[in-house]
Every structure is written in C-alpha cells, then in structure tokens.
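Colleague: Next up is a structure, given as structure tokens.
We did not get these values from a lab; they are worked out from the coordinates using the rules stated. Only a predicted model underlies this, so the values are computations on that prediction, with no experimental measurement involved. Positions of Cβ are generated from backbone atoms using ideal geometry, with glycine treated the same way; all protein chains shown enter the neighbour counts.
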Amino acid sequence: MPPITHAKLGASSAARWLACPPSADLCERFPDKGSSFAAEGTLAHELAELKVRKHFTPMFKTAYTRAYNKIKKDELYTPEMDHVTDDYLEYIKDCAMQYDAAPSVICEVQVDFSAYVPGGYGTADCIMLGGGTMRVIDFKYGKGVPVSTEENPQMMLYAIGALAQYSLLYSIDKVILTIAQLRLGAPEEWETTPDELYKWAGGYVQPRAKLAWEGKGDFAPGSHCRFCKARAQCKALAESNMTIERYQPTSEPNLLSDTEIGDVLICAEPFIKWLEAVKEYALGAVLEGKTIPGWKAVEGRSVRQFDDVDQAFSDLKAAGIDEALLYERKPLTLTAVEKLLGKAQFAELCGAHIIKPHGKPALAPESDKRPAYSRAAADFEAIEINK
C-alpha cells in the first residue's frame, strides 16, 4: 500500500467539505485519532491488495506467502477477513472477464484531482482499464455504515483523478464506479461518463473546493457531520441539534400520534448521534485533566476474572475437581469450518445444511435500501426450518 498521508480536501472526506466548506479548516485543528476499526480496515485492505496483485501481476510464491503470513499474525486478523477478501478478488476477476480482452488492473494507485480541488488527491483501491471502459473499485471492510455508490463524491473524485492519469493512454467512453462493502451485501455499481464527471467537477466541485480551501462558505449541518472531527464542538451543529421541535395537539392531547412518533424519531436520531460525540469528547477531556463543569469521570462496571486461569485450574484439579467439569466443548462457527475445509469441500459436505434465517427486526429510516421486514414471512420461514 502507498504511504498514508493527509490531504486537507481528500476524496474520503469530500461528502463533508462539499456540503460544508468551512468544516475543512475546522477539522485541521483536530488530530487524527485512530481506532481499532480503522486499523482492522487497513489490514483488510492490505490482504485484499495482496490477493489482487498475486492474481493479476507476476509474484513469487514465496513473496506472497511471506506477506500473507505476516498479515495472519496480526492480532486484528480473523478468518472472516480472509473470506471477505476472497470474495473481493472473485468480484475483481468477474469484472475483468467482462472485457473483450484482458484489461489493465492497477491496485492501490494514488490519483490526483488537483485540477479541480486544491491539493486534492486520494488512493483508489483498484482501477481497471480497457475496451473504452474504466472501472474504479473501492473496497470497504467496515459494516457499521452502508455506503451508496450512486453519485458518491469520493468515488467520483477518484474517477476524475484516474481520467487525468490514464485518458491519454486509453480511450474511455464509459466509467463504472463500484463500492464493494461485502460484509453488508453484493458490490454496488453506478455507471456514468467522463463528460458527466467533468461537468460535475467543474460546475459543482471546483467552486466549493475553492471556498473550503480558503476557509470560506457557510456551515451546513447534516448527515455528513457523522465523521467530522469537529462535530462534538461545532457550534453550528449544536445549534441545529438543540432546536426544539413542537407538535400541535391531536385528537388525543396527552399522547403522540403515530405520525408524531415518526417525526420525533427523525428529529432525534441525528441529535442522539451528536450527543454521543459530545459525551465522548467530554470524557476524553476530563481524563486529560480538563474541567467540564457539572461532570466527572467515574469507574464503570467491572467483571470478576482470574488473574491466571491456568494456575487457578491447576489448583482446582489438585483439590480433586474433575478436569472435564472445567471445560466446555463448543462447535466451530460456520465461517471457521468453511476456512478449515476450503470453499469447495465445505459446499459439497455442508451446502445442504446452510440456512440464512431472517435477522432480528430493527427500526430504520424509510430511505434505508433494505426491504421492509415481514413478520408473516419470518414466521413462515421459522415453520419451514423447524419441520
């Protein structure tokens, strides 16, 4: 992977600074804070890149094995990571098969879109070129927030940078953008043209990028605030969230109607997310020795544990406790069995026993792309499974 660097107006944060230009300057005042999820995503990207490179470019088996084993030794590695990156490679291979001739496949390439965005660059996970078609594919390992490909600013900026880099070498009439968020479902594709991308970049991106670069423009709170480093202290977001929504009485003056319940949920969801960010900031500030009037840090709930489980069990066995009573026998998970056997043998031996029951119902906004939950369908499926 190329070295991780920082761009004030990077592609990954484009949805935010395009919607709220002055947030770019505000975020520069906050340090980048890593997380276990980000580190896990980085490791998954390394594994995905390794597999794609091995398939499409010459690589000594020993070099691949050494790099693969190094990733497997990382404490964040899981069998699921292997499974997901295998699926990602299969998708890349399927895309390549759709070309009349073998396409050029470039992994983890830095693209420059500074013709429209001051200092603008980013790293595309995979670019595929040939036969008049350019594919730009982004691998996302996270499963917390579904990301849509259609008119996605990050992907469109990657495409602009890729066009600048490869349009002199390849004839490009069609651009297909893909976000492969495979832990949430199948890859999502969106098709556009170079002309449409240039029109968007020149008419919309360029003027807003200029405002963002100069620290100008108006603050505009919205869903893009979710990943803003300044969200906990941003006054514009605070003012937006502290606005009190009032409702007119219905036929039942003391109870909210179902319509009003829907309105409350819509208003409260961004408020709750913002409040969690504020609480996280306040706890961090208190732990650093700062004073948040009216608040303090306390010790949370603690669970008892052995200081040395091996020694504790040795003492128990020495006291006459049967060792069989101290251990549980648990079956491997489905993913672990598939990893143990390999996909082909797993499908052959276990395929007839695989089911995917409905998940537990969860409340989601109407804009969510998942189909509405059907209690009747879930009940019927439960009956079929238990036959």
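Colleague: If contacts are Cα pairs under 8 angstrom and at least 6 residues apart, what is the relative contact order of segment 11-214 in percent?
Modeller: Numbers: 303 pairs, mean separation 48.8, N = 204.
Reported relative contact order: 24 percent.
Colleague: At 222 nm, what helix-only mean residue ellipticity would the chain give, in deg cm²/dmol to the nearest 500, using -39500 (n - 2.57) for each DSSP H run of four or more?
Modeller: Helix contribution divided over all residues of the chain: -13500 deg cm²/dmol.
Colleague: Select from the chain the helices, each a whole stretch of DSSP H, whose alpha-carbon atoms run 20 Å or more along the helix axis and whose Kyte-Doolittle mean is at least -0.5; answer none if there are none.
Modeller: On the way: long enough: 36-56 (30 Å, -0.13); 79-97 (27 Å, -0.65); 258-287 (42 Å, 0.66).
Helix filter hits for the chain: 36-56, 258-287.
Colleague: Which residue, K360, K235, K93, has the most motion in a Gaussian network model of the chain that connects Cα atoms within less than 10 Å?
Modeller: Per the Cα network of the chain with a 10 Å cutoff, K360 tops the list.
Colleague: How about K317: which lysines have a C-alpha closer than 23 Å to its C-alpha, ignoring those fewer than 8 places off in the same chain?
Modeller: K330
Colleague: Let me ask something else about it. Where is the GNM fluctuation largest for the chain (alpha-carbon springs, 10 angstrom cutoff): G359, G131, G300?
Modeller: Of the options given, G300 has the highest mean-square fluctuation.
Colleague: Quick one: grab the alpha carbon gyration tensor of segment 11-214, order the square roots of its eigenvalues as a ≥ b ≥ c, and give me rounded if a/c is under 1.5, else prolate or oblate depending on whether a/b is larger than b/c.
Modeller: Details: a/c = 1.96, a/b = 1.23, b/c = 1.60.
It comes out oblate by the Cα gyration axes.
Colleague: Continuing with the same structure: How do 43-56, 161-174, 336-349 rank on mean C-beta neighbours within 10 Å, highest first?
Modeller: Highest mean packing first, the order is 43-56, 161-174, 336-349.
Colleague: With springs only between Cα atoms under 10 Å, which of M59, M155, M128 fluctuates most in a Gaussian network model of the chain?
Modeller: M59
Colleague: Taking only C-alpha pairs under 8 Å that are 6+ residues apart, what is the relative contact order of the chain in percent?
Modeller: With pairs under 8 Å counted, the relative contact order is 17 percent.
Colleague: Among the listed pairs K8/K369; K8/K216; K143/K273; K33/K54; K8/K210, give every one whose C-alpha distance is greater than 23 Å. List each step's numbers first, then the result.
Modeller: Values: K8/K369 31 Å; K8/K216 14 Å; K143/K273 17 Å; K33/K54 32 Å; K8/K210 12 Å.
The answer is K8/K369; K33/K54.
Colleague: Here are labelled values, [x] 78, 67, 52; [y] 59, 42, 39; [z] 78, 48, 45, and one is the computed Cα extents along the principal axes in Å for what I pasted. Which one?
Modeller: The calculated read-out lines up with [x].
Colleague: Still on this structure, I have one more. At a 10 Å Cβ-Cβ cut-off, how would you order S374, S104, fewest neighbours first?
Modeller: Fewest to most other Cβ atoms nearby, the residues stand as S374, S104.
Colleague: Sort V145, V286, V111 so the one with the fewest other Cβ atoms within 10 Å of its own Cβ comes first.
Modeller: V145, V286, V111
Colleague: Please state the shape class of segment 264-387: rounded when a/c is under 1.5, otherwise prolate if a/b exceeds b/c and oblate if not, all from the C-alpha gyration tensor.
Modeller: Oblate, because a/c is 1.5 or more while a/b does not exceed b/c.
Colleague: Then there's this: Based on other C-beta atoms within 10 Å, arrange W295, W200 from fewest to most.
Modeller: Listed from fewest to most nearby Cβ atoms, that is W295, W200.
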